[in-house]
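Peer 1: Sharing a structure, written as structure tokens. Questions coming.
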């Protein structure tokens, strides 16, 4: 079996070591506000014969007040944050990317059934287990997957090293490249979602949930008022004005 964690935010030697010890074969690395070339370079650096690191982007569509997160694998070119949802999906379609829905209907930053159905066959999977969720959120995520008929996936959504290996999605296929992993999700290949249990898992879930509070208070204020323009802002020079017509800022 091939075990992949389809969404992690951190990547270093300790993360890789933990992933291997936990029996993972691949990680999908999609940090916030980092451009695709840098993500790719870091993924290459930490990929070896034991662990495949797949570069991806969790794109923040919309403005800070009305943002929706979308996870894209298999991108051939960078896509910025803070563009319209329509603009993001148009670019994903142009690049023939694999599009997954992380934490559906969670808080105010997630796609719901209406948006998922709007984009139809351009969406390739819905997350049904996320440690940051409370149980009611995971239960609702499973309902979203059932109601939309989309394949499920589970991820650690790890912002903390200790969460690596707590959740994974398991396939029977044995992909050897990042492109092949993206294709497994894209084609709806048979899979099963697993997560650990017990006191340790419960405590790690609480730690991730607490980190969510930090992310959306002090860290968010820092990004809005202290850090200036993000590297993934659509008006950054690296995007050469290609997204000006769908920019939300």
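Peer 1: At a Förster radius of 41 Å, what calculated FRET efficiency corresponds to the Cβ-Cβ distance of residue 66 and residue 17, to the nearest 0.05?
Peer 2: Calculated value: 0.55.
Peer 1: To continue, here is another question. By counting other Cβ atoms within 10 Å of each Cβ, how are 83, 39 ranked from fewest to most?
Peer 2: The order, fewest Cβ neighbours first, is 39, 83.
Peer 1: Determine the gain in length on full extension of the stretch residue 76-residue 195; use 0.36 nm per residue of separation and subtract their C-alpha separation, reporting nm with one decimal.
Peer 2: Fully extending the segment from residue 76 to residue 195 adds 39.7 nm.
Peer 1: Mind ranking 188-200, 152-164, 16-28 by how tightly packed they are, going by the mean number of other C-beta atoms within 10 angstrom, highest first?
Peer 2: 152-164, 16-28, 188-200
Peer 1: Shifting gears a bit: Measure nothing fancy, just the Cα-based angle from helix 198-215's long axis to the longest principal axis of the chain, in degrees from 0 to 90, nearest 10.
Peer 2: Tilt of helix 198-215: around 10 degrees.
Peer 1: Sorted by average packing, counted as other Cβ atoms within 10 angstrom per residue and highest first, what order do 125-133, 232-240 take?
Peer 2: Packing proxy ranking, top to bottom: 125-133, 232-240.
Peer 1: With runs of 4+ DSSP H residues as the only contributors, calculate the mean residue ellipticity of the chain at 222 nm using -39,500 (n - 2.57) per run, divided by the residue total and rounded to the nearest 500.
Peer 2: Result for the chain: -10000 deg cm²/dmol, rounded to the nearest 500.
Peer 1: Sticking with this one: Normalised by the residues of region 137-198, what does the relative contact order come to in percent, with Cα pairs under 8 Å and at least six apart?
Peer 2: Across region 137-198, relative contact order equals 34 percent.
Peer 1: Let me ask something else about it. Over region 2-246, what is the relative contact order in whole percent, taking alpha-carbon pairs under 8 Å and six or more residues apart?
Peer 2: 20 percent
We did not get these values from a lab; they are worked out from the coordinates using the rules stated. Note that the structure is predicted; figures quoted are calculated from it, not measured. All Cβ positions, glycine included, derive from the backbone under ideal geometry; neighbour counts span all protein chains shown.
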